[in-house]
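A short worksheet on the structure shown next.
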Amino acid sequence: MSDIESRLIELGITLPQAAAPAANYVPTLITGNQLIISGQLPMQDGALKITGQLGNDVSIEEGVEAARLCAINILAQIKRTLDGFDRFERLLKLGGFVNAPASFTDHPQVINGASDLMVSVLGDAGRHTRFAVGAAGLPFNAAVEIDALVEIKA
Amino acid sequence: MSDIESRLIELGITLPQAAAPAANYVPTLITGNQLIISGQLPMQDGALKITGQLGNDVSIEEGVEAARLCAINILAQIKRTLDGFDRFERLLKLGGFVNAPASFTDHPQVINGASDLMVSVLGDAGRHTRFAVGAAGLPFNAAVEIDALVEIKA
Amino acid sequence: MSDIESRLIELGITLPQAAAPAANYVPTLITGNQLIISGQLPMQDGALKITGQLGNDVSIEEGVEAARLCAINILAQIKRTLDGFDRFERLLKLGGFVNAPASFTDHPQVINGASDLMVSVLGDAGRHTRFAVGAAGLPFNAAVEIDALVEIKA
């Protein structure tokens, strides 16, 4: 078992079944030594777990949990695509969209829910670049959407 | 004539003259085996065709058509940059921004207008990763803006 | 002294001390011949210089200056990461987020503040692809946030 899978167990995180390709877009693609991951929503047990707007009907704590769930779904996509974590090299980038009105300004704190989870699970290989911005709305009223770029072993 | 150009004809799609470099930013750049394409708006015959906000003054059907026009402009940029489609390998990613208020939640349905067009024209090589999010506003009040990343033959 | 550093002096631009890694995300990562730069805010002298919304409490001129400051911080990150500009090859992409309500439609003019600065400093190597979109809000109420992708010498 890989270090990453051991850490997931230690942290009590069970990766969900990653959503399989279902339309004309796909959840992941490999190009060269990069794995590109489509925007992930805060899904849990097959349902969208946290909906609404930060600074409105979603608290910071719930927003952090939403970002953490997006990160867990990103990990599930990595594991499905690479058939485990042996070919995972490191996380390069997270693109963080927070569903929030103009009055909300704590996007970094929310997206830290994903950044912190990634480093907890992946160690130094989880340190990544990112942006964190406000979205005027998100699919199905999700509170957070995060996409990702990963470096893989050739 | 390439398969891609045949399919464009079958689908009755005429690619527009791609906007040429006009400022300190450029519509496309090639780096290694990747072609990066700047955000494209729903332009047709040199004019912005669909303006306004989804869930407000733009219907889902118009939003889908706006995303389709963005995709056609992306194809025009690919053709101009590569001087045809012979060096086109596959579409890697679309970044979809939908001009909409917080109450709108059907961003995926809108961006499917681009995703579906890409697979109609490009076949399996058109299957891509993507994100679809709400923008608080877009240039010149465009309804949709989409950027793209393409893999090319070395 | 590199051409780039000469031009910075000619333009009277002093690059700030780039923010060092401080959390579970990092300001920059190198992968292959690419340098990925996290979203930069309009910081000057260690403080966020321009806050608020375009089309509301921030003028176009202030928005342009905010974008210019984001670009200067991107240059500072390039210089810190590469220990100067000798390994800099060219700027590939800027991702421009403008804090603005739906009524604002001049995002390109605002982000030109960054695009123009890049070409002033970097010459032809500063011509880049980009997107410019409206964000419903930005971290700490920043007026603009811009991330970047750079090609470096192998």
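For B:F140, B:F97, B:F131, the sequence from fewest to most other C-beta atoms within 10 Å is B:F140, B:F131, B:F97.
A cut-off under 11 angstrom between Cβ atoms defines the neighbours of C:R87, and their net charge, with Lys, Arg +1 and Asp, Glu -1, is -2.
Hydrodynamic radius of region A:26-129 by the Kirkwood approach over all distinct alpha-carbon pairs: 14.3 Å. Distances, shortest first, from the label point of B:D124 to those at the same position in the other copies read 4.0, 4.0 nm; the point lies 7 Å along Cα to C-beta. Of all chain A C-beta atoms, the nearest to the rotation axis linking A with B is recorded, alongside its rounded Å distance, as A:A136, 2. Each residue, C:L15 and A:Q17, gets one label point 7 Å from its Cα in the Cβ direction; the gap between the two is 5.1 nm.
Considering chain B as a Gaussian network with a 10 Å cut-off on Cα pairs, which listed residue, B:P42, B:P27, B:P139, attains the greatest mean-square fluctuation? Judging by the Gaussian network model, the answer is B:P139.
Summarising the amide proton neighbourhood of B:L92: residues at separation of 5 or more, or on other chains, whose placed amide H is nearer than 5 Å comprise B:L149, B:V150, B:E151. With springs only between Cα atoms under 10 Å, which of C:A66, C:A19, C:A76 fluctuates most in a Gaussian network model of chain C? Result: C:A19 has the largest fluctuation of those listed.
Quick check on the exposure proxy: order A:R130, B:R68, B:R90 from fewest to most C-beta atoms within 10 angstrom.
On the way: A:R130 27, B:R68 23, B:R90 16.
By the 10 Å Cβ count, ascending: B:R90, B:R68, A:R130.
The translational diffusion coefficient of the protein assembly as shown, from Stokes-Einstein at 25 °C and 0.890 mPa s with a Kirkwood hydrodynamic radius over alpha carbon pairs, comes to 112 µm²/s. Local charge for B:R68 was computed over the other residues whose Cβ lies under 14 Å away, with Lys and Arg +1 and Asp and Glu -1, and equals -4.
Taking every DSSP helix (H) stretch of at least 4 residues in chain C, weighting each as -39,500 (n - 2.57) and dividing the sum by the residue count yields a mean residue ellipticity at 222 nm of -10000 deg cm²/dmol. Relative to the other identical copies, B:I60 shows label-point distances of 3.8, 3.8 nm, where the label point lies 7 Å from Cα along the Cβ direction and values run shortest first. Each other copy places its own label point for A:G84 at 4.5, 4.5 nm from this one, sorted shortest first, where the point lies 7 Å along the Cα-to-beta carbon line. Principal-axis analysis of the Cα atoms of chain C puts helix C:107-122 at an angle of about 20° to the longest axis. Electrostatic bookkeeping for C:S2 treats Lys and Arg as +1 and Asp and Glu as -1; over the other residues with beta carbon under 12 Å from its beta carbon, the sum is -1.
Which entries in the list A:K49/A:K79; B:K153/C:K79; A:K153/B:K153 go over 26 Å, if you measure between the two C-alpha atoms of each?
Numbers: A:K49/A:K79 21 Å; B:K153/C:K79 32 Å; A:K153/B:K153 21 Å.
Where the Cα-Cα span goes over 26 Å, the pairs concerned are B:K153/C:K79.
Computed from phi, the 3J(HN,Hα) profile of region B:73-79 under the Karplus parametrisation 6.51, -1.76, 1.60 (θ = phi - 60°) reads 5, 5, 4, 4, 5, 4, 4 Hz, with x in place of Gly and Pro.
Every number in this text was worked out from the coordinates using simple rules, so none of it is lab data. Since the structure is predicted, the reported quantities are computational estimates derived from the model, not experimental observations. Here Cβ is always computed from backbone atoms with ideal geometry, including for glycine, and neighbour counts include all displayed protein chains.
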